[in-house]
Structures are given as structure tokens and as C-alpha cells.
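Worksheet for the structure shown next.
The values are calculated or read from the model by the stated rules, or taken from the named source; none is laboratory data. Predicted model only: the values in this text are computed from it and were never measured. For neighbour counting, all protein chains shown are included, and Cβ atoms are generated from backbone atoms with ideal geometry for every residue, glycine included.
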Amino acid sequence: MKAARFYEKGKLVIDDVPVREPEADEVVIRIKYCGICGTDVHIFNGEKGSAEVHPPVILGHEFSGDIERTGAAVTRFQKGDRVSVDPNAYCGKCYFCANGKAHLCKHMTGLGTALDGGFAEYITVKEKLVYPVAERVSYEAAAMTEPISCCLHGLDLTEIKMGDTVMVVGTGNIGLIMVQLAKYAGAATIIAVEPNEKRRKKALELGADFGIDPLTEDTEGLLAKHHVVNVDKVIDCAGLVSTNEYSVRYAGKGAVVMLFGLTGPDDEMKLKPFEMFQKELTIKGSFVNPNAFERAGRLLGAGVIQTEPMITDIVDLDDIQRVFETRQYAKDGKVLIKCF
């Protein structure tokens, strides 16, 4: 099969790789689409992603496809079933697994990081990681199940209540998912903070009430103009030191600040403890997607999340190196790799 393997910083190579035969509890999936994630970008740039990587490895963990064949003990799926895959597997034995925090597992393995992932024509995975795709959901949309599941976990931790005012900082793909989830969770007012006009407009189309360009507009003035009394929740989806600091600055009293976007591993932000004290802030992070993948699939099946406005480019697997070199993933929307 064809597969894009990561060898070193800045180097993806299309290799001919054998399809691994399934063990009794595994399935082989013919991959349709695999999305490019920030973790893939960090790894390509020689930085640490969400897990350790030992090249050569096939990157990609946001994918959908069809069951091609099954192991002898597989009972939930058969050839031809449409599926998506949760890329994270936990040991079930360590301290964190034993105390309801399996996603912090000391021995977690991830597809597309520790194990070969989805930038390939086929993948062999454990049945327990596989979930059915609803009939009304396209393969392209199904490839978005994993990022939606990560956003769900972040939203759970943010604890949005009906009537809250929510500020989403950065309305790339993750921010656009967060806007839609916040709306569905009952936020009364959603503020999209984004310097890119196209992205800001998409956020308004998908549920944000007004937008702010933080580089050219007066944030405090616009909050006052729109009669915002208090920003109850802030979700930073951009993952920059500047946006981290902006999120804390404009969080209201008693607010939860969710630093969701992935910064560089050595980045440091300035934080005034007195400001946290004075506003009684809660600052949180969010790691992967525990207990959220199945829910994400149901939300897609119910039509709660629109993915079509986010997916702007579909690129053949053979051209994946160009996508990373030109930073095509960082322009106006989600880039999917076509693997078939």
C-alpha cells in the first residue's frame, strides 16, 4: 500500500508499505480521508506533539473509511461498514487508568504518533477503537470525528452553562467547532476573536454573535458596544502565547479560561497571580478526547456540527509533502488527504 511516512524534521516520504494482517481482535480499514491536525504539523516541524514519535512512522489520526476485513474474534463490524477511529488506546492498568483518568495513561499509545496512522491506503487497528459512521454523514465529515471529540472534552471541562457569554479566541477549524458546540450547549452570546476576516465571517455564519479583530479593533470598546457585562468562559483555540495572555486579560470575573490550542512545548506565558485572585479565575488545559468519540459521532449524525464550511481543500496522498511545505493547512480551512 502507499503510505506517507515521517522520517525526520520536514520530511514525509511516500513509501510502499505492507498491510499488516489483523490479529483476532483487529480490523483492516480502507482509508478514505485523513485530516491534517496541529499535532501532525508540530511533528513535521521537529517539535513534540501530543505523544512521543519514533520515526519512521505514518502520521495522521483523523480518518474515516470502510472495513476491508476482520479478525476471527471481531463481532461488531463486517466488511463494507463505514467507520471512523479513536486513535488513543490506554493500558487499563496504571494509576491513572485505575482512577478514572485513562486519557492521562502512563502507557497510552496513539495512532499517527507512537503507532502508524492514517496517511495511508489502509490501517490495521483494534476493534475497540472503531466506531460506526451514521448513514447521513459523509466520509469527509466522518474524518472530523476525532477533532470534534477533542473539542467535546475541552467543552466539558469549560463547563458552559445556558446563558453564558463565551469568547472563542481563534476561529480556525477547532475554533469553528467550539463555536458550534458552545451554541448547542446554550451560550447566550458567543464572541469570535480572530484577525483573519474569512475565518471571522465563518464563525458568524456558524453561530457567533459578533466578531473582534484583536489586531486592529478595541476589544474593551466592542464588548461595551455589545453590552457584554461579563465574559464567563474563554476558549483559546489559537495556541499562541499572545492569545493565551489575551484570553486571561479579557476573561471576566469568576470565568473559566480554557487554553485549548497547542502551543510550542517550550513556550511560556506571562501570568499575574493577582489578576487570577482578583477575578477568581480558573485556568484549564485539555488533553485528547476521553469518553467523547462516540458522542462526537452522534452529534455529526444529528446534524449538530456543520463540517462542510470548514473543509476547504482535499489533496491526494501523493501531494502531502507539498501541503506541509507550503503550510496550506494554515490558510482558510481544513485540509483533508484523499487516501484512495
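Any residue at all in region 59-66 that is closer than 27 Å to Cys105 by Cα and of a type in the set (Asp, Glu)?
Taking region 59-66 and keeping what is closer than 27 Å to Cys105 by Cα, we get 59-64.
Of the ones still in play, those that are also of a type in the set (Asp, Glu) are 62.
Scanning region 59-66 turns up at least one residue that is closer than 27 Å to Cys105 by Cα and of a type in the set (Asp, Glu).
Restricting to region 61-90, what's the tally of residues that are assigned to a loop (DSSP other than H, G, I, E, B), of a type in the set (Ser, Thr, Tyr) and either surrounded by fewer than 17 Cβ atoms within 10 Å (Cβ to Cβ) or in contact (Cβ under 8 Å) with a residue 40 or more places away in the chain (or both)?
Step one: of region 61-90, the residues assigned to a loop (DSSP other than H, G, I, E, B) are 61, 71-81, 86-87, 90.
Filter once more, keeping what is of a type in the set (Ser, Thr, Tyr): 75, 90.
Now drop any that are not either surrounded by fewer than 17 Cβ atoms within 10 Å (Cβ to Cβ) or in contact (Cβ under 8 Å) with a residue 40 or more places away in the chain (or both), which leaves 75.
So the answer is 1.
Restricting attention to region 53-68, does a residue exist that is at pLDDT below 95 and within 16 Å of Arg327 (Cα to Cα)?
Scanning region 53-68 turns up no residue that is at pLDDT below 95 and within 16 Å of Arg327 (Cα to Cα).
This table checks each residue for (1) more than 20 Å from the chain's Cα centre (by Cα); (2) modelled with pLDDT of 95 or more; (3) not small (Gly, Ala, Ser).
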| residue | (1), (2), (3) |
| --- | --- |
| Ile148 | no, yes, yes |
| Gly170 | no, yes, no |
| Ala182 | no, yes, no |
| Thr189 | yes, yes, yes |
| Val193 | no, yes, yes |
| Arg199 | no, yes, yes |
| Phe210 | yes, yes, yes |
| Asp213 | yes, yes, yes |
| Val228 | yes, yes, yes |
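Check off (1) at pLDDT 95 or above; (2) surrounded by fewer than 19 Cβ atoms within 10 Å (Cβ to Cβ); (3) assigned to a loop (DSSP other than H, G, I, E, B) for Ala238 and give me the number that stays unchecked.
Checking Ala238 against (1) at pLDDT 95 or above; (2) surrounded by fewer than 19 Cβ atoms within 10 Å (Cβ to Cβ); (3) assigned to a loop (DSSP other than H, G, I, E, B), the one that fails is (2).
Considering each residue of region 307-321, count those that are buried (at least 17 other Cβ atoms within 10 Å of the Cβ) and outside any strand (DSSP E or B), and give that number.
Number satisfying all stated conditions: 4.
Condition (residue is without any contact (Cβ under 8 Å) to a residue 24 or more places away in the chain, surrounded by 22 or more Cβ atoms within 10 Å (Cβ to Cβ) and not aromatic (Phe, Trp, Tyr)) applied to region 213-225: is it met by at least one residue?
Scanning region 213-225, I find no residue that is without any contact (Cβ under 8 Å) to a residue 24 or more places away in the chain, surrounded by 22 or more Cβ atoms within 10 Å (Cβ to Cβ) and not aromatic (Phe, Trp, Tyr), so the answer is no.
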